[in-house]
Every structure is written in structure tokens, then in C-alpha cells.
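Below you'll find the structure, written out as C-alpha cells, and then a few comments.
Only the coordinates and a few stated rules stand behind these numbers; no lab work does. Just so it is clear, the structure is predicted and the values come from calculations on it, not from any experiment. Don't worry about glycine lacking a Cβ; one is built from the backbone with ideal geometry, like all the others, and counts go over all protein chains shown.
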Amino acid sequence: MRPLRFVALGDSLTEGVGDPVGEGWRGWAALLAAGLAPSRASGAAVESVESVEFRNLAVSGAQTRDVLERQLPAALAERPDIASVVIGVNDTLRCTFDIHAVAGRLDEVYAALTGQGAVLLTACLPDPGTMLGLPGALARPLARRQRAVNAVVHALSERYGAVHLHAAEGDWVTDRGMWSADRLHPGERGHRQLALHFHALLAQAGLASGPVPSAVPEFPGPSRSASLWWLATSGTGWVARRCTDLLPQLLGLAASEVRHRVRGTGVRLDLAASRAVAAALAGVAVADQADAA
């Protein structure tokens, strides 16, 4: 009997922001970890485990570069049985956003973890512009970026046989009660929904036979006044720190959106984004073939 090792990589979503417990954060990954024991499937056999060793390497503000350069080496040292990689939103909020670079980094991270034999967990996510309720001309460029990241995650998840959660849309996105005051992070109910859905996918694959995470919140939600106070004192600063370098570029992107809509050529922006995703995935495939040779 040995512990099952679960390592979580990512940003504030996986760190647990929005689900406070004591002086820190808990989050969906910690909730999921408790439901992974007592056994896991390994091919046709079932290897018995008596507990779960969980390590959360996710850091608020992390981008795909941080996961590749900082979190991945620590994760590989743990030799995890299950590794979650949920990342990409912060990349879309930077002026340096490059879908080619995002695809290359994710491919490298996925390959390294699955190459060690880990079961890979991934997810696509809602776009931040919609969650923040930005005006259309500002929201559409961010939505286009998040769709590009999601398309890359979808394709690479399939390539590496990941357990993939489609979390970019659905009732949980539009249910305000699932989200914290900043509108970017799930509250406790939202984190529990993510844990529940991941557990269901893992159980379906024979990889989780422990207790199903509860959908019922353990703690009362914050009052409206407490939520507004947090948003005014901490939440707004959180968003501002991550969007400061993007703002000038975002205004330019918004102006381009307006020009294209006036001319009736908005579809060109979507087509350009689609071509960029296809080129990024093709570039990753070529690089993988070269490495294999």
C-alpha cells in the first residue's frame, strides 16, 4: 500500500482563490484530492493505495511560462500519478500574448508529465472579458484570445490522452452564485463544481473510487457588503496588476474591433485567430516529429 501522488499546476484558479479556508485558500484541486483514494486503476489491474499525497504548486498570476520553467521541474520531482495543468487566462491578459508560444509551452509540459506516466487533467475556461462584464469592443478581443487558448488545450489534451473538462461554458458560468466578488474566480460553490466534474470524469475512467466531493458549501458565503469591500480593497487591485501592461494594447484592439464592425469585416479577425491557432498546432506537431527523429 502506498500513497497516490496528485500534483496541481496552474494559477490562482488552482491555487484556490475564491475558496478561503482559515488564513489561506483551498480550491477545487484540494477538494478533488480527498476523493481520489482508496484505489486507482492501472491498466487492467487496480493498484491499492491507502491515502493521497497532494501538492499544490499553483501560484496566483502564473502564466504558461511560469508553469513550464518553475512548476514543472518541481512536479516531475514528485513523480505524480495524477497531474492537473489548468492555465492560460493570465496569458490572455498580457500584451505579450502569443498563441504559438502558449502552444509550445503546453506541449512541453504535457509531454513531460505524461512521459513520466502521470494521468493528465486539463480544462478549458471562460473568457475573462465576459466574466468581468466588459463592453463588447473590449470583451471580444479577450474572448478571441481565450478561445484560441481553449482550442490549443483541446487539441493537445486529445493528443496526450488527458482527462479534459469542458468548463468554458454551461450553467456554472452564468450562475452568479458560483463566482466570487471579482467575477474571475469561482467561490466555494464553483470550486466544488469543478472538483465534482473532474471526479466524475476520473471515476468514469476508473481513476477515482473515493468519496464524491460534496456540492454543498461548507462555509456560508460572504455577505454582499463583505464582497464589495473585498472587491474595492483587494479584488480591483488584483485585476489591475494583471491588466496594466495590456490596457494600451487592449484599447487598440477595441478600436480595431469597432472599425471592422463598421465595415462589416469582423469575421476577418476571427479567421486570423483561427489561422494562428492552426499554425501554432502545426508548429508544435513539426517540433514533436523532429524531436522523435
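For the range 97-135, the residues whose backbone nitrogen is under 18 Å from a point 7 Å from the Cα of ALA74, taken along Cα to Cβ, are 109-110, 113.
Spin-label pair ALA279-ARG183: with each label point 7 Å from Cα along the Cα-Cβ axis, the two points sit 3.3 nm from one another. Our coupling estimate for the range 96-104, obtained by passing each phi through the Karplus curve with A = 6.51, B = -1.76, C = 1.60 and θ = phi - 60°, is 8, 3, 8, 5, 5, 5, 4, 4, x Hz, Gly and Pro reported as x.
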